[in-house]
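Inspection log for the structure reproduced underneath, given as structure tokens.
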């Protein structure tokens with residue numbers, strides 16, 4: 001079954017996503033800067049507003065390479081809080097040089113005790129296929145978000161399909177980054193991808209800071225089955 005995940009920042013975003021037929025929410029603040037950890041108050045409000053599963057972003061700042069113990073402890077505490085509030089999962093991405101920081105990722109996820117998505121930090125890694133193999137050693141990670149790299153969608157589709165196959169069976173590849181109705185249809189035709197992650201395309205006018213639009217979400221959902 002094809003699935004649409006929508007990035008939300010507010011409880012109204014979550015309602016609109018659900019009304020439009022979305023299947024999962026990624027909850028963030030600061031969407032225009034890649035998304036950061038939302039406040040507990042926002043997490044609580046969103047979880048009250050929707051029946052959809054909600055994965056909460058765990059990201060303190062724009063740097064995906066972390067060494068500071070205080071920051072690591074803060075991320076772990078944010079993950080614990082997300083679980084305590086009822087989140088269905090978390091979203092994070094940590095690297096060391098050009099490789100995923102599996103030790104630190106596992107440490108933060110142990111605090112969450114929830115399934116996790118490794119986010120767009122994946123695109124900063126030197127060897128995507130080797131990175132996938134490494135991330136498979138962390139049982140909590142069951143999704144990897146990827147836009148397929150640079151170039152036209154033909155080339156991206158080929159890379160996404162290669163990554164999708166490499167990730168199976170432990171991890172599902174989540175296609176995100178520039179996803180709209182036409183891209184969903186194209187990738188459904190050219191690949192075995194079945195999960196898609198929408199940000200701007202789920203918003204009025206394609207503006208990252210605009211609220212989620214149920215009408216826009218419906219268009220994306222229709223593209224899953226057309």
Quick one: work out the % antiparallel among DSSP beta bridges in the chain, nearest 5. 15 percent
When each pair of different Cα atoms in region 120-197 is counted once in the 1/r mean, what is the Kirkwood radius in angstroms, to one decimal? 12.5 Å
Remind me, relative contact order of region 75-226 in percent, using alpha carbon pairs under 8 angstrom and six or more residues apart? 15 percent
What does the helix-only formula give at 222 nm for the chain: each DSSP H stretch with n ≥ 4 adding -39500 (n - 2.57), the total divided by the residues, and the result rounded to the nearest 500 deg cm²/dmol? -12500 deg cm²/dmol
For region 3-225, the Rg and Dmax computed from alpha carbons only, in angstrom: 16.2, 46
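Quick note: the coordinates plus some simple rules give every number you see, no bench work behind them. A quick note: this is a predicted structure, and the numbers were derived from the prediction, not measured.
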